[in-house]
Amino acid sequence: MSSYFISEEQKDALQEVLNISMGQAADALARLIQTQVHLSIPSIKQSSSDHFIERLKNPDQQLAQQSFLGELSGEMISLMSDGDNAAIAELMNYDIPLVEHEKQELMLELTNILAGACLHGLISQLNFKIQLAAPVLLNPASICIEQLSWQQALLMEICFQIPQSSFNAEILICLKQDSLLPLKNHLDMLLQ
Amino acid sequence: MAIPITIADDSALSRKTIRRALPPEWEVSICEATNGKEAITAVENGLAEVLFLDLQMPEMDGYQVLTYLKQHHEKAVVIVISADIQPEAQALVNALGAFRFLKKPLEPALLGQTLKELGLL
């Protein structure tokens, strides 16, 4: 049981590591679209897959999933509401309205930028090696629990907003239970 | 004589990282602040000739601290150390009178070089 428990000190450290990762991801996007991205404080909590899957079922959003394995394993879910497409597409020089395949392409591109930078920030600061798979799109209408590779995970939620264009994206990093111990060990090294 | 400096950051890890990155030959007495209000109190109590300032903090954030210092304590040397590294954040910090903007994760060599450039070392 104790290996599932993150101490306050470890949580503070993880929070700071996530802040920095989020900052790097936001900077990558901000430079691309030449618009400031609003940052909020990342949240860290335990989650079960049956609870988690419910929030992915909202039909008005786009989802992408990207798994990683190695010294840490789990998956990232990128979540973007459908209505926000046009604003960000315009900033990324797409012609709007977007046709379906452009919507998908945009979603994958944003996933690569935001989720990629978040995870890279996390593993490089904590000195882990992982392999990251390419992102795949998920259909919120047909998503089922079998598509998640875990029952219990440490869930890290990072939110990006562009206030003037109502853009809102969330990156959810789900870390499998067996990665908690190495995570805690590496956080302790950082704290020493 | 040791120079009074203050490290203002809500994260314990981040304060520790900055402490560790300070050049060992730099004679300082270190005060720590966990939010913007404490940072200002430290400046007003003469504990922060040099202030290392985070931007995202509870109570009062780094931008508010810079705004206040610009009006009341222009002499305080403020070095912002921030996780938000977007061009707009850097521009705003410069406009508010910060001496330097350093990115997190902090590179100790860059901090040493910055202190030299500012004539503090």
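Could you list all residues from the stretch A:20-33 that are in contact with a strand residue (DSSP E or B) (Cβ under 8 Å, 6 or more places away or on another chain) and within 8 Å of another protein chain (Cβ to nearest Cβ)? Within the stretch A:20-33, A:22, A:23, A:26 meet the criteria.
Scanning the stretch A:146-181 for residues that are surrounded by 14 or more Cβ atoms within 10 Å (Cβ to Cβ) and over 14 Å from the mean Cα position of the chain (by Cα) turns up A:147, A:148, A:149, A:150, A:152, A:162, A:165, A:167, A:176, A:177, A:179, A:180. Condition check for residue A:137 on (1) part of a loop (DSSP other than H, G, I, E, B); (2) in contact with a helix residue (DSSP H, G or I) (Cβ under 7 Å, 6 or more places away or on another chain): one failure, at (1). The selection criterion, being away from every other protein chain (no Cβ under 14 Å), within 16 Å of the chain's Cα centre (by Cα) and at pLDDT below 95, does not hold for residue A:65. Residue check: is residue A:41 free of Cβ contacts under 8 Å to residues at least 40 places away in the same chain and within 16 Å of the chain's Cα centre (by Cα)? Against the criterion (free of Cβ contacts under 8 Å to residues at least 40 places away in the same chain and within 16 Å of the chain's Cα centre (by Cα)), residue A:41 qualifies. On inspection, residue B:106 passes the criterion of being among the aliphatic types (A, V, I, L, M), closer than 30 Å to residue A:123 by Cα, within 11 Å of another protein chain (Cβ to nearest Cβ) and assigned to a loop (DSSP other than H, G, I, E, B).
Each residue in the stretch A:39-62 was checked for being at the interface with another protein chain (Cβ under 10 Å from one of its Cβ atoms) and surrounded by fewer than 19 Cβ atoms within 10 Å (Cβ to Cβ), and 2 pass.
Residues of the stretch B:9-60 being closer than 21 Å to residue B:116 by Cα, crowded, with 23+ Cβ neighbours inside 10 Å and away from chain A (no Cβ under 13 Å), which ones? Matches in the stretch B:9-60: B:48, B:51, B:52, B:53. Take the residues in the stretch A:1-19 that are out of contact with any Lys or Arg (no Cβ under 9 Å at 6 or more places or on another chain), touching a residue at least 60 places away in the same chain (Cβ under 8 Å) and surrounded by fewer than 20 Cβ atoms within 10 Å (Cβ to Cβ), then tell me which one is farthest from the other protein chains (Cβ to nearest Cβ). Per the stated criteria, the residue is A:4.
Residue-by-condition table, conditions (1) out of contact with any Pro (no Cβ under 6 Å at 6 or more places or on another chain); (2) away from chain B (no Cβ under 14 Å); (3) of a type in the set (Val, Ile, Thr); (4) in contact (Cβ under 8 Å) with a residue 40 or more places away in the chain:
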| residue | (1), (2), (3), (4) |
| --- | --- |
| A:73 | yes, yes, no, yes |
| A:95 | yes, yes, no, no |
| A:98 | yes, yes, no, no |
| A:123 | yes, no, yes, yes |
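Looking at the stretch A:70-86, is at least one residue out of contact with any helix residue (DSSP H, G or I) (no Cβ under 8 Å at 6 or more places or on another chain), in a helix (DSSP H, G or I) and over 29 Å from residue A:147 (Cβ atoms)? No - not one qualifying residue is present in the stretch A:70-86.
Here residue A:85 qualifies as within 15 Å of residue A:165 (Cβ to Cβ) and among the polar types (S, T, N, Q).
The values are calculated or read from the model by the stated rules, or taken from the named source; none is laboratory data. Just so we're clear, the structure is a prediction, and the values are computed from it rather than from any experiment. Every residue, glycine as well, gets a Cβ built from its backbone with ideal geometry; the counts of neighbours run over all protein chains shown.
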